[in-house]
2 protein chains.
Amino acid sequence: MDYRALLLEGNVQPFLWKARYGIERESQRVTEAGQLVATDHPKALGNRTYHPYIQTDFAETQVELITPVCQSIPELFRYLAAIHDVCYRSLEDKEMLWPLSMPPRLPQKEEEIRLAKLEKFEDVLYRRYLAKTYGRRKQMMSGIHFNFEFGDELLQRMFAQQTEEKDYQQFKTDVYLKVTRNYLSYRWFITYLFGASPLSEPNFFVGAAGPKEPVRSLRNSSFGYKNHDDVQVRYDTLPHYLEDLQQMVEDGKLSEEKEFYSSVRLRGGKKVSDLEQVGIHYIELRNLDLNPFAPYGISEEQVAFLHLYLLFLLVKEEVTDEKAIKKGSLKNNVVSLEHPLQESAYQEEAKALFAELKTFIQTTRMDVSEELLEQVQQAIEDPTKTLAGRWYQQAKQQTQAKEATAIGKSYEQKAWEKPYQLAGFRSMELSTQILLFDAIQKGLSVNVLDEEDQFVQLSAQEHVEYVKNANMTSKDTYIAPLIMANKTVTKKVLAQAGFVVPSGGEYESEEQALAAFHEYSDHGFVVKPKTTNYGLGISIFKDTPAFADFREAVRIAFAEDTAILIEEFLPGTEYRFFVIDGQVKAILLRVPANVVGDGVHSIAELVAEKNNDPLRGTNHRAPLECIQLGDLEKLMLKEQGYTPTAVPEEGVTVYLRENSNVSTGGDSIDVTDEFPEDYKELAISAVAALGAVISGIDLIIPDKNQPASNPGAYGIIEANFNPAMHMHVFPYSGAGQRLTMDVLKLLFPERIKEIGQ
Amino acid sequence: MDYRALLLEGNVQPFLWKARYGIERESQRVTEAGQLVATDHPKALGNRTYHPYIQTDFAETQVELITPVCQSIPELFRYLAAIHDVCYRSLEDKEMLWPLSMPPRLPQKEEEIRLAKLEKFEDVLYRRYLAKTYGRRKQMMSGIHFNFEFGDELLQRMFAQQTEEKDYQQFKTDVYLKVTRNYLSYRWFITYLFGASPLSEPNFFVGAAGPKEPVRSLRNSSFGYKNHDDVQVRYDTLPHYLEDLQQMVEDGKLSEEKEFYSSVRLRGGKKVSDLEQVGIHYIELRNLDLNPFAPYGISEEQVAFLHLYLLFLLVKEEVTDEKAIKKGSLKNNVVSLEHPLQESAYQEEAKALFAELKTFIQTTRMDVSEELLEQVQQAIEDPTKTLAGRWYQQAKQQTQAKEATAIGKSYEQKAWEKPYQLAGFRSMELSTQILLFDAIQKGLSVNVLDEEDQFVQLSAQEHVEYVKNANMTSKDTYIAPLIMANKTVTKKVLAQAGFVVPSGGEYESEEQALAAFHEYSDHGFVVKPKTTNYGLGISIFKDTPAFADFREAVRIAFAEDTAILIEEFLPGTEYRFFVIDGQVKAILLRVPANVVGDGVHSIAELVAEKNNDPLRGTNHRAPLECIQLGDLEKLMLKEQGYTPTAVPEEGVTVYLRENSNVSTGGDSIDVTDEFPEDYKELAISAVAALGAVISGIDLIIPDKNQPASNPGAYGIIEANFNPAMHMHVFPYSGAGQRLTMDVLKLLFPERIKEIGQ
């Protein structure tokens, strides 16, 4: 098959970069001192039996982070980032991940390497078998498994351009077989570039000698973990491949097919035996060492290069010699065992291969990063630029263990820097980031259907749920949020059910509203637009205003909406009750932006200090907003007789804003636990009257220590159908309430029973 | 109590026009020839046992239309209008309502007057008793019962301004007792103005002589239907009133308390005996004749005048004479029996009363229509301007029966003029109007919570449901419509479930979209904004376009939204499937605006003729829009070689638009019954995959006679979460599908089991 000609077809070319990717990254859990942990797999991750993202590999200390199948390299790295974030923040205190393929110092006694405590007995048995056959120490090496599938758009179009092969499945299988053969022949080039296990730590080689000198890749060398030499299969056709595998199992050379540890695995269906039916769907590269310089063990550049290399290997002519693969393996062993700072014996061959690759890029006009090509070129010419070379040089500065510990710690710290965010999904709303964190942690499958629209799909096996904006779900009805979105309707429904709401009226013209002035002239009132939010256009008159002021308030409100509400003013403190599934899970008091004087610092200094809180940020990318010192705040200070340079006395609270919105620098104070039950019951029944399952309902309460049944004890201001959650999870003070976990519990009661688990 | 002083208090005055109203209007069903019908109460109205709006009074032919309690006069008349509309359009073919208080010609034999066929045996027994006691003929008179309650805001403020009475309930009771006494004393004035039963029809007076001359109000006179003379009660205190009533029941003068037919009834609680506990809540005026000039038997001006009059009677000094009420009744009888064109014996007294009323208006500065006062003034001076005078004059022109028949017919025709609208609610969306029609027809209580927002509350006893935009309900989940609102998410969910959707991608910048051009260059495609609707910004390329055209399409789409979709073009016909509760209830084909030539008329003439269809209107106030002949249409004609004056050949269809939207003059063609089942199953399962209960799902189908399972048999374009219903109920051609009734059936299965009923 002339694959080169097929790739050059006009309607094939736009799809050369289309592929599907998946990564499995293994890693040892270590203490912050770089020692293998003695703890079990983190409890916070729930039951590992069904966890799609975070598993244990051979040993109980060895986590395996698994991405879902991704349609692009950025998507792959967003999942890698998120899964790493979740893993780090789910580890026991003072634990982190070891950034190297070679394990840290191992126990002196092999038995002290603890096998993964898996639920299924067959999984335990298999690990026992491996321990016996290969030894536990070798199993402690970690690496990257890279799953790669050519885009269906690409293969379909290639298939359509040829007539030689009539069957699409066979066509695909042939493509992957050729790539696999060539990869096995030329994987030494990848080992040269990306090999990164030059040194071992104590107790890795026990009873058997290791290499005397540092190497490029212990893991890929004959010192690594591999099948015995008599395990060999043919790759010329799929039936041969399967036949050979089966034969080896029958001969007892392998315990089962999955024990075959080739650098490339052919994949399709769930089991090896499915391949015969469904053909090859993708291949799994297993020879990649952890890249210590990449926080996730592999970099985007490496993935892009691998994609390019596999496409190149598809068109590259094969050496027809039937021993080509065997030769490739020998070469790979040579390269693996070369000194990391030494030129390779195959440098010239590498240069020729790279020149051929560049020609391939030119011919296909593929869009490849110049920088990436430059890096590869340099690494070929200068072995100190290879991963092994770079890491060996760094390890020499102190010891490999110290350097690895330092680098591991820096990755751990990065994950904890903004614990309210989720790496990879930082452009989404905070509440959604926290929800996704919790979902990944508890082993729900996460699929972002529309990032900008905050639309996600969560699933646990067959059970699928959709969530928008973190708490819009299938558990609420269509109409309940529509009721809450309409202030007039909300009030009518609540009043019908016997709840206290501010009296008042709705007006559709200024004239109509002004004519009603006298109806409100015997108490304080509020003028507000009917539907707009965020406090825009609202005027509050605690006492009856002059008519001119009323007229102005009406004008301001109509500037925001075509209808306005005039409502009785209810004096008291406003609390947000977050109700979910018939329970109050959080109560929040919001206080306007303020600083408390210490008799020493100026207001400006106090503001700056308060803004240092890592919970404060800008543009809603943190649970609290920074306090501004703009015109509005200065005016507010002036009215109180202050300037920004004034030094308030110790203990004096200075307010910088009238409104209590968190979005203008206000404080969020969790008061959930100190609230009397009767108000909680009230909030629960009001939300029930609205027919809602999730609601943030705002109550004005003059004195929460008075019974809720007293006349004037409360008034309900509004109910929010998509209430913010991040401000409850990370409040300014008081306990954080992990409402996102409550949402997941509501959606997946079969998975999440206790919030702590 | 000095009520005048209380009313004049500054904080009381703004509330003088605040009140609650309710009307019961009785009417005889007649044929279009003006004869009493022989049919039963209309089946379309469902079970009358619980119908809140349309009941039967004494006779099976006598409907009673009942408004709910209303907060304003406009609200009262919107319900009157709507209930009348529903009643007219629910009557058997060629039936209508008799517009007079006096019944049409009655059967010669009294037994042929059929008692109402009520379910409850006690109700039947009561009617039998009445028939025996008063005779069936008198029970055939109809009238208006007017329920009136002063606004609570008004009474509360009056109460707060005085110290004499400590108990609010007693204060209210005293208010209504005084108004009642004065109303009984001065009701002759209302009879003079609004009496409207001057003449009887054959067989009303049988065995007893009627008056020899025409009168003002037969119904209010001694010839009318009233208790026997020995039925008298005291109105000085509530205990006296109740004591007297009870005594008369005990003495056998009344069968039960409700047999007491005063011109004013004191109301509060469900039964008369509740009054003792709860006090008087409102009063019911029972002396109003049907006004033949008002389509609903009473006009807004009459209601406003009654409100004013009752307030005036509250402050008017009472004649302390204990026989004042008796005297008032005698006067009323005199006025009732005066010739309608003759000056009243009490004309001077009427003038004085009116002068006093005008002074009252001036003192209280109440806002009263000048026109209304002018009309009353004229009627006082000129009896031909009273209702009785006007009607008597009209009746003389031919006969009363003929005039009444003509006027009844005109009201009936009005109700049928736009059968897709509901009087009183015409500013709401058509689908909501039709839904409200159906709800009222089937006896669901209807409460419009927010008119502009199309938000209604429906209830059947304790069962309450909320509906927005006619089909947004509690039966759908919150998330399903959010899925449908997002085209990308919809496609992903459908594709995951195995349905065919157009392939394509989403792009967030022009650059990104333009770079993808080559991916689409081997088939036709559509460029469209991601979220906006109504077909704006969409470009359809049935074949691959030139790059410049593609660039223009991308620009146009981005002008509408921040993200666009590029989608494979699917050739075929687009059908809208309306799915509700797992069933396809309607399938619609939409055809672009067009006319079919006849070889005689010009295109402009054909358009004008087609626009004559009563189903066509403008601004979405009709199920179909008028076809325009604007620039776009002329351009379209030009491209086909036509001008508006061109005369197309017979049978030739000329299209005036490219798009098939009904909103631009397109035709809606119902094809529900001719569609194969497999496509219906497909639509049902696609909607189920989206988790929706109600959805309008759009399928492209090249040939509906090919099995839906064939490759390329269909593609799903989008799913609508609030699909229009009116176009299915009143299509351009094909059967109408009453989807609104399906919605009600979904919400109230206990009430609506079969759509036909």
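The values are calculated or read from the model by the stated rules, or taken from the named source; none is laboratory data. Because the structure is predicted, anything quoted here is derived from the model rather than measured. All Cβ positions, even for glycine, are placed from backbone atoms using ideal geometry, and neighbour counts span all protein chains on display. Accessible surface is based on the protein model in full, side chains and every heavy atom, while ligands, DNA and RNA are left aside. Shrake-Rupley method; radii C 1.70, N 1.55, O 1.52, S 1.80 Å.
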To one decimal in nm, how far is A:GLU250 from the same spot in the other copies, if labels go 7 Å from Cα toward Cβ? Please give the shortest first.
11.1
Taking every other residue with Cβ under 13 Å from the Cβ of A:VAL743 and scoring Lys and Arg +1, Asp and Glu -1, one gets +2
Rounded to the nearest 500 deg cm²/dmol, what is the calculated helix-only ellipticity per residue at 222 nm for chain A, with -39500 (n - 2.57) per DSSP H run of length n ≥ 4?
-11000 deg cm²/dmol
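When DSSP beta bridges are limited to those with both residues in the protein assembly as shown, what percentage is antiparallel, rounded to the nearest 5?
95 percent
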What do you get for the angle between helix A:370-381 and the principal long axis of chain A? Use alpha-carbon atoms, 0 to 90 degrees, nearest ten.
40 degrees
For a quick check: with amide H placed at 1.01 Å from N, whose amide H comes under 5 Å from A:GLY524's, ignoring anything fewer than 5 positions away on the same chain?
A:THR544, A:PHE569
Filtered GluC sites (Glu not before Pro), region A:393-472: DSSP coil and at most 11 other beta carbons within 10 Å
A:GLU417, A:GLU462
Could you give the length gained on full extension between B:GLN108 and B:LYS120, defined as 0.36 nm per residue of separation minus the Cα-Cα distance, in nm?
1.5 nm
B:GLU343-B:ASP152 FRET efficiency (beta carbon distance; Förster radius 41 Å; 0.05 resolution)
0.50
Please give me the summed charge of the neighbours of B:VAL231: other residues whose Cβ is under 15 Å from its Cβ, Lys and Arg +1, Asp and Glu -1.
-2
Length-normalised contact order of region A:573-746 in % [C-alpha pairs under 8 Å, at least 6 apart]:
31 percent
Pseudo-spin-label distance A:THR363 to A:GLU609, built 7 Å along Cα→Cβ, given in nm, is 7.0 nm
For a 32 Å ceiling on Cα separation, which of these pairs sit above it: A:LYS753/B:LYS680; B:LYS94/B:LYS442; A:LYS753/B:LYS492?
A:LYS753/B:LYS680
With θ taken as phi - 60° and the coefficients 6.51, -1.76 and 1.60, list the Karplus ³J(HN,Hα) couplings across region A:663-671 in order, rounded to whole Hz; mark glycine and proline as x.
5, 10, x, x, 9, 10, 10, 6, 10
Helix A:73-90 versus the longest principal axis of chain A: what is the Cα-based angle in degrees, 0 to 90, to the nearest 10?
70 degrees
Where in region B:673-687 does the amide nitrogen come within less than 12 Å of the point 7 Å from the Cα of B:SER709, taken along Cα to Cβ?
B:678
Based on the Kirkwood radius over alpha-carbon pairs, what is the Stokes-Einstein translational diffusion coefficient of the protein assembly as shown at 10 °C with 1.306 mPa s viscosity, in µm²/s?
40 µm²/s
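With r defined as the distance between the Cβ atoms of A:LYS271 and A:GLN398 and R0 fixed at 60 Å, what FRET efficiency is calculated, to the nearest 0.05?
FRET efficiency, A:LYS271 to A:GLN398: 0.80.
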Along each principal axis, Cα extent of region B:573-746, largest first, Å:
51, 37, 25
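Tell me: how much accessible area in total is hidden between A and B, 1.4 Å probe, Å², nearest 100? Could you put the intermediate results ahead of the total?
Values: alone 33250 and 33170 Å², together 63030 Å².
The summed interface area works out to 3400 Å².
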For B:MET366, go 7 angstrom from Cα along the Cα-to-Cβ vector, then report the distances to that same point in the other copies in nm, smallest first.
8.9
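Give the residue list of trypsin sites (Lys or Arg not before Pro) in region A:165-226 that are DSSP loop and have at most 13 other beta-carbon atoms within 10 angstrom. Walk me through the numbers before you get to the answer.
Numbers: sites: A:LYS166, A:LYS172, A:LYS178, A:ARG181, A:ARG187, A:LYS212, A:ARG216, A:ARG219, A:LYS226; in loops: A:LYS166, A:LYS212, A:ARG216, A:ARG219, A:LYS226.
Answer by residue number: A:LYS166, A:LYS212.
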Determine the relative contact order of region A:430-474: mean sequence separation of Cα pairs under 8 Å and six or more apart, normalised by residue count, in whole percent.
28 percent
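Can you give the Rg to Rh ratio for region A:430-474, taking only C-alpha atoms and Rh from Kirkwood?
Rg divided by Rh gives 0.92.
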Karplus-derived 3J(HN,Hα) from phi for region A:630-645 (6.51 cos²θ - 1.76 cosθ + 1.60, θ = phi - 60°), whole Hz, x at Gly and Pro, runs x, 4, 4, 5, 5, 4, 4, 5, 4, 4, 9, x, 10, 10, x, 8
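Can you pull the mean other chain C-beta count within 10 Å for peptide B:482-489? Working shown, then result.
Values: counts 10, 7, 0, 3, 6, 1, 5, 8.
Rounded to a whole number, the mean comes out at 5.
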Cα-projected label distance for A:GLU508 with A:ASN661, points at 7 Å along beta-carbon direction, nm
2.9 nm
Radius, Kirkwood style, for region A:503-566 when every pair of distinct Cα atoms is counted (Å)
11.3 Å
Do any GluC sites (Glu not before Pro) in region B:247-296 lie in a loop, going by DSSP, with at most 14 other beta-carbon atoms within 10 Å of their beta carbon, and if so which?
B:GLU256
Might you tell me the accessible area per residue for region A:573-746, computed with a 1.4 Å probe and given in Å²?
42 Å²
Below 15 angstrom from the Cβ of A:SER539, what's the summed charge of the other residues (Lys, Arg +1; Asp, Glu -1)?
-4
Label-to-label distance, nm, for residues given as A:GLN246 and A:ILE669 (7 Å Cα→Cβ offset):
7.5 nm
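If R₀ is 30 angstrom, what is the calculated FRET efficiency for the pair B:HIS463 and B:SER72, using the beta carbon separation as r and rounding to 0.05?
Numbers: r = 27 Å, r/R0 = 0.91.
The computed FRET efficiency comes out at 0.65.
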Per the Kirkwood formula on distinct C-alpha pairs, the Rh of chain B is how many angstrom?
30.0 Å
How many nanometers, to one decimal and shortest first, lie between the label point of B:GLU568 and those of its other copies, if labels sit 7 Å from Cα toward Cβ?
6.2
